[in-house]
Structure formats: C-alpha cells, structure tokens
Amino acid sequence: MKLKRKLTFIDIFSIASGAMISSGLFILPGLAHAKAGPAVFVSYLLAAFLAGTGMLSQAELVSAMPKAGGTYFYVKRSMGPAVGTVDGLLTWFSLSLKSSLALVGMAYFTAMILPVDIRIIGVALCIFFVFLNIVGVKEAGIFQVGLVVGLFGILLFYIVRGLPAINVMNFKDYNPHGWGAIFSTAGFVFVSYGGLLKVASVAEEVKKPGKTIPLAMIFSLLTVSILYALVIFVTTGVLSPETFNNSLAPISDGAGAFLGKAGVIALSIAAILAFVSTANAGIMAASRYPFALSRDGLLPEFFSRISKKFHTPHIAIIITGFFMILSLFLRLKILVEAASTVLILTYTFSCFSVIIMRESRLQNYRPKFKSPLYPYIQIIGIIGFGFMLFKIGTDAIFISLILILFGLFSYWFYGRIRATRESAILHLVQRITARELVTGTLESELKEIIRERDDIINDRFDHLIEDCPVIDIEETIPVEDFLKIVAEELTDKLQKKEKILYNLLIKREEEGSTVLMPGLAIPHIIIEGEKVFQILLARCKNGIKFPEATKKVTTIFVLVGTRDERNFHLKALSAIAQIVQNPHFEKRWREAKSKQGLKDILLLGKRRRLN
C-alpha cells in the first residue's frame, strides 16, 4: 500500500517553518546570548547560512528522489545501506529529540498560564499529536498551516512594536567573547533549523514534489532566518544583558519590557503555538524514518505497516510518540546538544550525497532542482559543519560517536543480511577503476521514482520500448550491413524471413533517405499481416554511413508495422520527435551505459502520453 500525495506548497512551507520556529526562538536565545553576547543574532544567521548549504543539497536530492524517509532514503542510495542506516536512525533520534524539546517548552509555557505539572502536559499533548498524525497527514497539514499563520502574525507584531523600544546601549559590548564563541553558539543553536529535514521525510506525500519541495524549503529558510534575526535583535535591545542571559522565556520577557503583562501572555501563546507546530511536524516527519528503514529491510517489517483506514504509517507514528515521551525526562542541555549534533551530521551526509550522486554519472539521477554553484556549496557546507561540530565541544563529539556506533551495530546485526547493497558510490568506484561492480538495480529504482514523481503512466509506446530489441555498435559500418543486423534481430519478433525484411528496408532507403536530422535516422517499413507493430533501437557510437547524409548517423529508431497500424505509426513518430527535441537527448544517448539505459532515455523522455 502506498502513501497518498495530499500536501501542497503551503503545507510544506508551514511544516518547515513551524518546525523551525520553536525552542530555537522561545528558549535557546537566552542560553545563546550568555555564550555570544549581543552578537548572538549573527550566530543565528551563520547557522542559517550553513543550513542553507545543506538545504540546497537536500532540495536537489529530494527533488530527484521524493520518497518517505527523506535524508535516509537518498543517503542510502548514494553511500550504501550501512551509512544509510546510520543516517536514518540519527535523523529519527534527532527529530524525535527536537520534538521532545518542543513538548518540554510547550509544557513550560503552558504551566505559566495553567498550574499543571509540565510532564503531564507534555505526555498528553504527545498522545494528541500521535492520534492526529494517525488520522491523516492532510489533516495534520491543515492544522499546521493554521498554527504557522497565527505564529507569524504575533511575531511580526512583536518586531514592529519592539523596534522603537530598543536601547542601543545593550549593544555596546557587541562581541565580548570573540568569533570563536559566535561559531560555537551557531553550532549550539543549529537545532533551530532542523525543520528543513522534516520536509524531506514527507516527500512521498507531496503533490508535484520535484517542484514544490525545493521552493518551499528555500522560501521557508529565508523567511525564518530573517524572522529569527529580527526577533532576537529586538529582544537584545529591550532586555538588559543580565536578564537576557538568565531567561528561559526571553521573547516573552522581551514583550513584557515594552508591552507589559499583556505582551507576556501574547508571546507565551505564540510560544505555545510554535511548540505545538514543531511537535506536530516532528511526529509527522520523524515517524517516516523507521517506516523507510523498515521498507528497505533495515528495521523489522512492522515499522512499515500502513493503516488501511487512514493510509498513514501508524506503527511508526506510535513508536515515535513513545520514544518522545521517554525523552521528556532528559535534561534540557542533553536534548539540545544531541539534536544539534545529529542535525549537523545529517546535513554533512546530504552534501556528500550530492557530490557522489553527480560524480557517479547515474543516467536516471534527474533532479528537478539542481544545487547552484556545485560543488563549492557542498564543500563549504562540509568544512563549515565539521568546524561547527568541533566548536560545540567534546560532549557533542561523544554523542555523535555513540549514535554512529549504534547505527552501525543495528546494520551489522540486522540489516546487513536483508538489504540490497547497490548504491551510487559503487557506480563512482566503477567509473574510476573501470571494474564491473553494479547490476543496474539502482538505475531501475531511480527510473520508477521518476515515473511516480512525474505521474508517468505507461502507454502502448512505453510497453513496446520495454520489450523492444536494442542494437549497440561501436565501429563505423555501412548502412547495408546495419540493415542486415536489423533484419536478423527482427526475424523472431515479427515471424518474418530475414531476407524479406532486409529487402523491404533496402527498398525504403532507395525511395528516399530516412535520415530526418543530422545524426538521426528513422527507417520504417510496412509488412503484411494485421495488428503488428515493432520498434527497434540502435546506437552506433562511431556512426553509420547513410547515403546522402552529411553526418554519420549515431541514433536509429526502426519502425515496422502492418497497414492497419498506420495511426499508431504516426503517434510513435510524434513521441520520438518530442523526445529527441530535448537539448540533453544527444548527450544522454551517447553516454548511456547499457542497452537498458538507451531504453530508459525514451521511457523517461518528456512527451505527451498516447491514448
């Protein structure tokens, strides 16, 4: 059973934005200000910049492979099942911990209004979000949009009213702890941008994912990073350094400084909305990681079960919710450091994945969005993430090692004997060493993903191409020798004598050249019988010598059919014409690695589908 595509651009923007605006804005600024001083908003912008390098990499990967499991799915396909298992479990833990952090913050702010134990509030809300996500992703998405609209409205009001109340003396000692502190603080608050990962994880449930997801991710990061910087800038200006450093509710305290008690209540409500949206999006996203791991055989089968009634991965959602409830009892510092550390590692994997997917020269790796300035964006990201991880401190490195070892342990003792092993890195090694290491299963999987992503429904032309014979020749040969090979290949398919087919092909060439454009020929003949139509594909890398052709022909489509198939003959010609007009066609045809690769160029070519 498949997940249904229900989410739109506004849903994805709201999931990403709502997931980012929570603890990173309503709890962490006070702790971050104590580390970096008034320059703390620079730390947030620096973290946003580095998150942008990872986000652009993720946008490219998810536009090529919009499947449940997000980062795990493409890391496994690029770097193999061992690294994929590590990344999948790391991201699951990270998003779950980030959502738990949101539940803690939500319970803290709720307790400011209602005198109830924060753990009871957190558990109750977690159970509610689990139920909401089981009922349906679209329902959870609608709920998310409402939360984000309300949240943005309150924060914009805070900025507009707060700017005139800023005390410039609060910025006097602007960078008291040096640039090292700014970098380490950027790593500490990096968890604030974890919402982008949540978008990738629900990609399989998005309408037109190749276009929708990259746009939503870019727009969301730009909007949220600017909002973060402005809100924290205002808060730094309206609170004294001592008050800011010791506050676990700095934005509410900032509102109290220039709006009084009404401001505290309004921003506390905004904080609750933010934490609600993060927790909701967190369960939605985190649950897709064990679901995807299970679907690939790296976790037990029950994680990938889908509710027949609601079409959601209910088991994965329930287990994720249970893990989040357990996480509620961890200390705040551990939650923040663990979540930030794992997010940094995940973004690093994304940058490596883009490099591997591109350099492996996979024919069916066709992202709708390509990361600009490749590979410099990815290299900057990898170096920046490594430096940031180092600056966070030894605790972060220790947490990283423990989680990585846990992921490798899980793969070695469970997934290793169950998962397929072909990945893009094998294609890259094969390209470098010229050794035969791959079977083509990854190319086939990518082809099916493109069909699903682009809503390609196979028609008669596709079925013919799937089953058609293919000739792949290296050396230059005369057209007569080529047509002999064609006649020999088609004899069994058409149940006609080789000599008859050859004579018909020669006669057609004598009547007029079948070379329709430089490098392309479409020989076509009519045979006796009824309801027969066949296509043959041919590539000659060094070219075939056709009479009167100014250029050797490298691409040949042979069409053979009975008279009653005349209409389909014209439709097939139209389909081929549309495909070869693609500016990348000639390069792809020349570089295809196999006969199946030649077929895939036609199967995935952009054209109107035949009735």
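The numbers here are math on the coordinates, done by the rules we state, and not lab data. All figures in this text were calculated on a predicted structure; none of them were measured in a lab. Every residue, glycine as well, gets a Cβ built from its backbone with ideal geometry; the counts of neighbours run over all protein chains shown.
Please tell me which of these pairs span more than 23 angstrom C-alpha to C-alpha: 541/593; 35/98; 447/545; 98/308; 6/211; 447/606? Cα-Cα > 23 Å for 447/545; 98/308; rest within. In the chain, the calculated helix contribution to ellipticity at 222 nm averages -21500 deg cm²/dmol per residue, counting -39,500 (n - 2.57) for every DSSP H run with n ≥ 4. To the nearest 10 degrees, how steep is helix 424-433 against the longest Cα principal axis of the chain, on a 0 to 90 scale? Around 60 degrees separate the two axes.
Could you pull out the GluC sites (Glu not before Pro) across the stretch 538-611 that fall in loop regions by DSSP (anything but H, G, I, E, B) with no more than 10 other Cβ atoms inside 10 Å? Numbers along the way, then the final one.
Values: sites: 548, 565, 586, 591; in loops: 548.
Sparse-neighbourhood loop GluC sites (Glu not before Pro): 548.
Between the helical axis of 566-580 and the longest alpha-carbon principal axis of the chain there is an angle of about 50 degrees. Across the stretch 459-603, the mean sequence separation of Cα contacts (distance under 8 Å, 6 or more residues apart), normalised by length, yields a relative contact order of 27 percent.
Label-to-label distance, residue 445 versus residue 116, with points set 7 angstrom from Cα along the beta-carbon direction: 4.5 nm.
Compute the angle between helix 118-135 and the longest alpha-carbon principal axis of the chain, please, reported from 0 to 90 degrees and rounded to the nearest 10. The angle comes out near 20 degrees. A protection proxy built from the mean count of other Cβ atoms within 10 Å ranks the segments 297-306, 522-531, most packed first, as 297-306, 522-531. Taking all Cα pairs closer than 8 Å and separated by 6 or more residues, the relative contact order of the stretch 303-384 comes to 19 percent.
In the stretch 462-557, the DSSP beta bridges split such that about 45 percent are antiparallel, to the nearest 5. Of all lysines in the structure, the ones whose alpha carbon falls short of 19 Å from that of residue 531, not counting any fewer than 8 places away in one chain, are 493, 496, 497, 571.
For chymotrypsin sites (Phe, Trp or Tyr not before Pro), the sites in the stretch 148-231 that DSSP calls loop and that have at most 16 other Cβ atoms within 10 Å are 174.
Sorted fewest first by neighbouring Cβ atoms within 10 angstrom, 468, 126 come out as 468, 126.
Using DSSP, restrict attention to beta bridges with both residues in the chain and report what percent are antiparallel, rounded to the nearest 5.
45
Only one of the listed values, (i) 36, 30, 23; (ii) 56, 23, 22; (iii) 44, 35, 19, was derived from the coordinates as semi-axes √(5λ) of the Cα gyration tensor in Å; which label is it? Working out semi-axes √(5λ) of the Cα gyration tensor in Å from the coordinates points to (ii).
Stretching the chain fully between residue 452 and residue 508 yields a gain of 16.2 nm (0.36 nm per residue, less the alpha carbon separation).
How high is the relative contact order of the chain? Use alpha-carbon pairs under 8 Å, at least six apart in sequence, and give a whole percent.
Numbers: 1100 pairs, mean separation 128.6, N = 611.
Dividing the mean separation by the residue count of the chain yields 21 percent.
Rounded to whole numbers, the Karplus 3J(HN,Hα) couplings from phi for the stretch 528-544 are 6, x, 9, 6, 10, 8, 9, 10, 10, 9, 9, 10, 10, 4, 9, x, 10 Hz, using 6.51 cos²θ - 1.76 cosθ + 1.60 with θ = phi - 60°, and x at Gly and Pro.
Dipole of the stretch 12-415, Cα-centred, from +1 at each Lys and Arg C-beta and -1 at each Asp and Glu C-beta, to the nearest 20 debye? For this selection, approximately 940 debye. The modelled label-to-label distance between residue 493 and residue 563, using points 7 Å beyond Cα along the C-beta direction, is 2.4 nm.
In which sequence would 221, 114, 196 go, from the one with the fewest C-beta neighbours within 10 Å to the one with the most?
Arranged by neighbour count, lowest to highest, 221, 114, 196 become 114, 221, 196.
The aspartates and glutamates within cross-link reach of residue 391, meaning a Cα-to-Cα straight distance under 16 Å and a gap of 8 or more places when in the same chain, are 337. Counting Lys and Arg as +1 and Asp and Glu as -1 over every other residue whose Cβ lies under 14 Å from the Cβ of residue 215, the net charge comes to +3.
The distance linking the stretch 206-233 with the stretch 459-492 is 49 Å (Cα centroid to Cα centroid, whole angstrom). Of 589, 92, the sequence from fewest to most neighbouring Cβ atoms within 10 angstrom is 589, 92.
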